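Just so it is clear, none of the values below were taken in a lab; they were calculated from the coordinates. Just so it is clear, the model here is predicted, and its values are computed rather than measured. We place every Cβ from the backbone using ideal geometry, glycine too, and count neighbours over all the protein chains shown.
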Amino acid sequence: MKVNLNIPSPITEIKSDLISKKKLKVYVKREDLIHPIISGNKWRKLKYNFELIKKNKIKEVLSFGGAYSNHLHALSWFANTQKIKSIGIVRGNESDELNSTLSFCKKNNMDLYYLDRDIYRINKYSNNLINDLNKKYKNIYMIPEGGCNYLGIKGCEEILFEEDEKFDFICASFGTGCTSAGIINSLRKNEYFLAFSSLKGGERMRDNISKMCNHSKNWQIISNYHFGGFARKNKELDLFIQNFYLKHKIILDPVYTAKLFFGIFDLISNNYFKTNSKILIIHTGGLQGIQK
Ligand SMILES: Cc1ncc(COP(=O)(O)O)c(C=O)c1O
């Protein structure tokens with residue numbers, strides 16, 4: 001591939017009085033540093049999809065997302081660099097003015113189409129709009145919402161693959177569960193995965209995630225740090241993001257990573273982790289979302 005993504009994703013230790021008091025070691029895997037635009041799990045999920053696209057000389061890629069989708073944002077840019085036409089199906093109605101995410105997609109030559117929220121929820125992959133687009137563009141490769149397909153999972157299996165060091169707990173945020181499935185598939189012996197839901201009712205995703213991975217042990221969903229639901233937040237979360245940046249110089253986004261880090265610190269306060277545990281938090285990027 002022409003774009004040089006040299007995968008800088010270091011693991012750095014974070015320290016605080018609380019962490020020391022509880023005798024824990026906490027590390028962050030900085031997937032957010034992979035690339036300024038296609039960072040974190042976006043790169044992981046698109047890598048093998050684009051390998052397939054290039055190999056098969058596919059000219060058009062279509063995918064789905066909300067109006068602030070990190071996935072569509074990354075996809076539009078990556079497709080454009082590879083001279084592949086991208087098509088974005090956006091949940092909800094077109095608004096008069098494009099937000100920063102969709103403007104960026106447009107700038108990267110993504111054709112945008114809007115799908116009624118109910119149709120999107122029930123039948124986004126097969127409806128009249130998709131049928132029409134399949135006629136309009138001759139050779140579409142369709143990537144599911146959030147980049148969540150077999151090749152997306154395969155890419156996410158490499159998040160842990162690169163590191164030899166082992167941890168007692170690995171923690172990441174989930175939406176579709178694709179990233180979590182990849183991490184679960186690559187857990188090493190005695191590692192336990194905590195999947196933090198960015199959505200309300202995240203427990204319901206257990207079966208979906210289970211179906212995407214090769215075993216269902218050694219992991220669980222943590223569902224009570226959704227802050228009211230997907231993309232919802234409050235002052236407490238905003239303050240957490242600000243304080244976390246002041247202390248650790250790491251930017252968190254309010255949709256995914258802030259809820260994850262908030263949840264982990266809350267669990268630490270409540271003695272969830274046994275003394276001397278080593279905890280690895282996956283920073284999955286998504287920082288474009290905070291420019292809203
Ligand atoms: C920054 C960030 N973190 C976590 C996730 C959740 O990933 P997944 O949909 O694979 O569960 C997303 C969504 O793609 C994301 O943009």
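Its Cα centre serving as origin, the chain has a Cβ charge dipole (Lys and Arg +1, Asp and Glu -1) of approximately 380 debye. The calculated FRET efficiency for the pair Tyr114 and Lys59, based on their C-beta separation and a Förster distance of 25 Å, comes to about 0.60. Under 5 Å between amide hydrogens, built in the peptide plane, is the criterion, and for Phe273 it picks out nothing among residues at least 5 positions away or on other chains.
Placing unit charges on the Cβ atoms only, positive for Lys and Arg and negative for Asp and Glu, gives the stretch 41-147 a dipole magnitude near 680 debye about its Cα centre. Local charge for Phe174 was computed over the other residues whose Cβ lies under 11 Å away, with Lys and Arg +1 and Asp and Glu -1, and equals +2.
Set the Förster radius R0 to 25 Å, insert the Cβ-Cβ distance between Ile251 and Glu97 as r into 1/(1 + (r/R0)^6), and round the FRET efficiency to 0.05. My answer for the efficiency is 0.45. The GluC sites (Glu not before Pro) of the stretch 29-62 include none that meets both conditions, a loop assignment by DSSP and at most 14 other Cβ atoms within 10 Å of the site Cβ. Can you give the log10 of the normalised intensity I(q)/I(0) at q = 0.18 Å⁻¹, computed with Debye over equal Cα scatterers of the stretch 115-197? Those come out to -0.81, one per q. Across all Cα pairs in the stretch 79-234, the calculated P(r) in 5 Å bins from zero up to the longest distance comes to 2, 8, 14, 16, 17, 16, 13, 9, 4, 1, 0 percent per bin. Here the simple spin-label model places points 7 Å from the Cα toward Cβ, and for Lys138 and Ser216 these points are separated by 4.6 nm. The slack in the chain from Phe230 to Glu13, taken as 0.36 nm per residue of separation less the alpha-carbon distance, amounts to 75.3 nm.
The charge dipole of the stretch 133-201, taken about its Cα centre with unit charges on the Cβ atoms of Lys, Arg (+1), Asp and Glu (-1) only, comes to about 660 debye. For the chain, the Kirkwood estimate of the hydrodynamic radius, built from every pair of different alpha carbons, is 19.6 Å.
The alpha carbon radius of gyration of the stretch 41-147, expressed as a multiple of 2.2 N^0.38 Å, is 0.99.
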